[in-house]
Amino acid sequence: MTVSKEYTNYSSRRKIKNYARKVCSTKTLKKRLPILEWLPKYNLSFLLQDVLAGTTVGLTAISQGIAYAVIAGLSPEYGLYASLTAGFVYIIFGSCKFVTVGPTAIVSTMTGKYVAGFSPDFAILAAFLSGVIILSMGIFNLGFLVEFISMPVIKGFTTAAALQIMASQLKSLFGLTGAAGSYFAESVYNFVKNIKSATLWDPVLGFITIAILLLLKKIGEGCKRTDGLVKQIRWFISLARNAVIVVVGMAVAYVIKITMDSEPLALVGDIGSGLPSIGPPPFSTVFNNQTYSFLDMLQTLGPKSISLPLVIVIESVAIAKAFSEDGRVDATQEMIALGLCNIIGSFAKSMPITGAFSRAALNYASGVQTQAGGITNCLLIIVALTIFTSTFYYIPKACLAGLIIVAMFSIMDNKIFLKLWKASKKEFVVLIITVIVCLCVGLEYGIVTGVAVEALMLLFKQSRPIIDVKILKNDTGEITLIPLPEVLSYCAAEHLRRLLLKVSTRLDTNSVTVIDGANLKSMDSSVAANILSVIEDYEKRGCHMWLLNFNNDIKHMCTVVNQNISGKFVNAPNVLDLTVAFRKEV
């Protein structure tokens, strides 16, 4: 007994040592700090390409950051704060060189839903709490949870989010009065209700913005940075089209104000200047002369906000998969990086952030070589916050609305509806249900509903396994053969029982039925109990049932459920060869 205890202690110590050696290895360190992998290999050619890519992405990040902060109901500078701090953190911990982090339309929409009508402190706390949850998921290797959200659910969610965001921009696009609306149906209703308050200048500028963005995108198609000078210019202008349109919009607004001595366009207005102040995230705040404790702030955010970190992970991992080589991505490392981005960012007034698809696409098209491309991006944001904040006053809201609407087209996959209709009606139903619930009830409810519907479909499929009944004949008679599938879970127990009883009604006295378990790898005790009860029913009818080629683990489970069944197990390479033996037994 002493030897056994000593051996157990030795084995435990050895496992702990092996685990510690693995955790503290150079390989693990490089895996968790990707900068140690690419920085030693850095060279001048990488620098030039990273600076070009970072400049292109930075111009877009500034305009999108301002736009997405407005979507979240925050002052525009908070969108820039988010891209700034998180960008530096991702350079160190990010695993995909193409991904750039910052506010996105979907995350901003969800953030605005939880913090609308309150101070920015609630959005900053949401970033901190989201980061804590995501980092915890990464530390405990819970990246596999993302795999439970299927492609139809993700596509349905992104499509509904895009439609909801576009609908919410109708107010700014037409210069309407009144609220924009938190849901798609509400936004459309408010648009129709307030359409008479539409102005002239805002929709004109908004639709011109949309047309120019689409034209610039078309101009850049087929052009590469390695082509001739003219095509290179077209390529760069196309990539930087968001920044170009914002600059042009500011110029138009300024000229109109100077010439007309008025502001017929709705403008972004004054935004905070300078870099964000560094300090801990707000665990209490004062808003409208009312003090909110940490618990009060949690109650304001509500339990539904738990879906926010899930959406953050889904967006970033999906983007990393789309742009990484051979589609492989370390979901755990992405969670660690995103968690740290949100936590550290909350110390510099950042709203919740995640990976941005449009900026990742720009990085990819610009030929970024390493995560260092994010440095130039962050430096441009610093310049924007310290030097050019006064010029942001003249950004027309209609321009931002047009920019956001065009950006939503890129995340919508309209072809997926027809593809799933032709390929899988089941997945098409999941897609439609997800879209409808997202639009009518809320984005977080849409994800949960889509996952739940798919889980129910999966359980129903598991409860109705395909089992073909075969009749094998030879000179001595016939055998009813029932081959079982690889897995029989508890939910299939009654289905199998009904099938076996249905077969028994067509059998003659002294007939033989064989349940073939050659393919069976897993079976629940509920299924075993039902099979045993059917065997007893067969014997009462004067029929016989045998269990063929069951593996030892399943045999053991069946005998534990009922010891009398042990004599029913047989093994044979060929079912027909057993016919004579069965007849003799009968």
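The values are calculated or read from the model by the stated rules, or taken from the named source; none is laboratory data. Note that the structure is predicted; figures quoted are calculated from it, not measured. Cβ atoms come from the backbone with ideal geometry, glycine included; neighbour counts cover every protein chain shown. Only protein heavy atoms, including side chains, enter the accessible area calculation; ligands, DNA and RNA are left aside. Shrake-Rupley method; radii C 1.70, N 1.55, O 1.52, S 1.80 Å.
Overview of values
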{"quantity": "Sole residue being free of Cβ contacts under 8 Å to residues at least 60 places away in the same chain, crowded, with 18+ Cβ neighbours inside 10 Å and over 39 Å from the mean Cα position of the chain (by Cα), chosen from ILE554, ILE531, ILE479", "calculated": "ILE531"}
{"quantity": "Helices (runs of 4 or more DSSP H) wholly inside the range 148-209 that include at least 3 residues being hydroxyl-bearing (Ser, Thr, Tyr) and modelled with pLDDT under 90", "calculated": "151-168"}
{"quantity": "Count - residues of the range 202-226 that are in contact (Cβ under 8 Å) with a residue 24 or more places away in the chain and hydroxyl-bearing (Ser, Thr, Tyr)", "calculated": "1"}
{"quantity": "Filter result (buried (at least 20 other Cβ atoms within 10 Å of the Cβ) and over 15 Å from GLN164 (Cβ atoms)) within the range 428-448", "calculated": "VAL430, LEU431"}
{"quantity": "Failed condition for ILE479, given (1) at pLDDT 85 or above; (2) farther than 18 Å from PHE157 by Cβ", "calculated": "(1)"}
{"quantity": "Residues satisfying the stated conditions in the range 274-304, i.e. surrounded by 15 or more Cβ atoms within 10 Å (Cβ to Cβ), within 29 Å of the chain's Cα centre (by Cα) and over 22 Å from VAL107 (Cβ atoms)", "calculated": "none"}
{"quantity": "Enumeration of residues in the range 240-273 that are part of a loop (DSSP other than H, G, I, E, B) and either within 30 Å of THR56 (Cβ to Cβ) or open to solvent by less than 30 Å² (accessible area, probe 1.4 Å) (or both)", "calculated": "ALA240, LEU265, ALA266, VAL268, GLY269, ASP270, ILE271, GLY272, SER273"}
{"quantity": "Restricting the range 364-384 to residues that are outside any helix (DSSP H, G or I) and hydroxyl-bearing (Ser, Thr, Tyr), the residue that is surrounded by the fewest Cβ atoms within 10 Å (Cβ to Cβ)", "calculated": "THR370"}
{"quantity": "Selection within the range 175-201 - closer than 29 Å to LYS415 by Cα and in contact (Cβ under 8 Å) with a residue 40 or more places away in the chain", "calculated": "SER182, TYR183, PHE184, ALA185"}
